[in-house]
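Novice: Handing you this structure, nothing more for now.
The values are calculated or read from the model by the stated rules, or taken from the named source; none is laboratory data. Nothing here was measured: the structure is a model prediction, and the numbers come from that model. When we count neighbours, we look across all protein chains shown, and the Cβ atoms used for this are built from the backbone with ideal geometry, even at glycine.
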Amino acid sequence: MQYNLKHVYNPRLPKCLNDFLNYLGTIRGKSKNTLNGYKVDLTMFFRFLKLYKGLIKGNYEFKKIKINDIDENFIRQIDLSDLFAFISFTENYRNNGSYTRARKVAALKSFFKYLCNKAKIIDENPALELESPKISKRNPIYLSLGESRALLRAVDGKFKKRDYCIITFFLNCGMRLSELCGINISNIKDDTLTVVGKGNKERTIYLNRACMEALDIYVKERNKYYNKIKNKDALFISRNYNRINKRTVELMLKKYLKNAGLDSEKYTPHKLRHTAATLMYKYGNVDIRSLQKILGHENISTTQIYTHVDDEKLREAVKSNPLSEEK
């Protein structure tokens, strides 16, 4: 029997950090990527603290500072000023921007909330007053309608039917790369697709005509090699007849972007997700709440980056005012 362990005990980490990561994985259902992010941020935090509190003598390499000796007594000595010092340190360490610092603040707040409310290691939470740095809103990078069509026309080669279906799914459904690679045939019922998104949360995606047609053409091609396929339920198959992986999709997209005369460094699978969301919002009269459900965003604030396309609608609305021609 195989066990899908999201986090196992790491002897190089403090016990409290191991316990926290296991709590996030088993109780909170956080994804592997989230656990890795928290582990990286909190490992840096503990290394910084040992340095900041004068516990490291002589020459040292920051990445090699040991932290597995940190105990509950050390944890209880941490106060808000230590947290501020760490955030200040991250601002200068590798020129981390506000987004990266905000992620580290989120890791600290979650960790100390766990220590106080769940593990009962500390009586007071020093991170309660810790504020996240202000993050300037960034408009999403996306392909225009014409560029999207050019990308689809650029698909060619031995795996044309598979690759065309993949890019069609990206541009029409707004799914994440991990969601696309994880699609099983058993998850598709007529025009309904179930995917597993962040935090192992399932959501329903409805396939439009373009997706259904591309899927039908690809599945007929896929079935020619059915006996060679190692994972019979996996929808998208690699040249080795395994489930397709993220890197293969990334490299495939780069090739077709170049073929279409588009910037292969600027546009990624995630930018195709932005493209789908923008096109739906701009041309499909989709309200922001519906778009939130389609994309699987937990918070509506994440979805609101797509309202940048309202500028054109607002401009047209002002022009349509009957007084606009008055002199």
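Novice: Among the residues in the stretch 207-229, are any within 30 Å of Leu24 (Cα to Cα) and outside the structural domain of Asn33 (by TED's automatic domain parsing)?
Specialist: So far as the stretch 207-229 goes, no, none of its residues is within 30 Å of Leu24 (Cα to Cα) and outside the structural domain of Asn33 (by TED's automatic domain parsing).
Novice: Can I ask one more? Quick test for you: out of Ile166, Ile87, Ile70, Ile121, pick the one residue that is in contact (Cβ under 8 Å) with a residue 40 or more places away in the chain and either under 30 Å from Tyr267 (Cα atoms) or among the hydroxyl-bearing types (Ser, Thr, Tyr) (or both).
Specialist: Just a single option satisfies the conditions, and that option is Ile166.
Novice: In the stretch 217-230, which residue that is surrounded by 12 or more Cβ atoms within 10 Å (Cβ to Cβ) and not aromatic (Phe, Trp, Tyr) is farthest from Leu291 (Cα to Cα)?
Specialist: Ile229
Novice: Also, quick follow-up: How many residues, within the stretch 191-207, are loosely packed, with under 14 Cβ neighbours inside 10 Å and in contact (Cβ under 8 Å) with a residue 12 or more places away in the chain?
Specialist: Residues flagged as loosely packed, with under 14 Cβ neighbours inside 10 Å and in contact (Cβ under 8 Å) with a residue 12 or more places away in the chain within the stretch 191-207 amount to 7.
Novice: Additional query: When you look at Tyr225, is it among the aromatic types (Phe, Trp, Tyr) and not in a helix (DSSP H, G or I), yes or no?
Specialist: Answer is no for this residue.
Novice: Here is a further query. What's the number of the only condition in (1) farther than 28 Å from Glu298 by Cα; (2) touching a Lys or Arg at 6+ places or on another chain (Cβ under 6 Å) that Gly25 fails to meet?
Specialist: Unmet for Gly25, out of (1) farther than 28 Å from Glu298 by Cα; (2) touching a Lys or Arg at 6+ places or on another chain (Cβ under 6 Å): (1).
Novice: Here is a further query. Touching a helix residue (DSSP H, G or I) at 6+ places or on another chain (Cβ under 9 Å) and among the small types (Gly, Ala, Ser): is that true of Gly157 in this structure?
Specialist: Against the criterion (touching a helix residue (DSSP H, G or I) at 6+ places or on another chain (Cβ under 9 Å) and among the small types (Gly, Ala, Ser)), Gly157 qualifies.
Novice: Quick check on my filter: what residues within the stretch 41-97 are of a type in the set (Ser, Thr, Tyr) and closer than 24 Å to Tyr9 by Cα?
Specialist: Thr43
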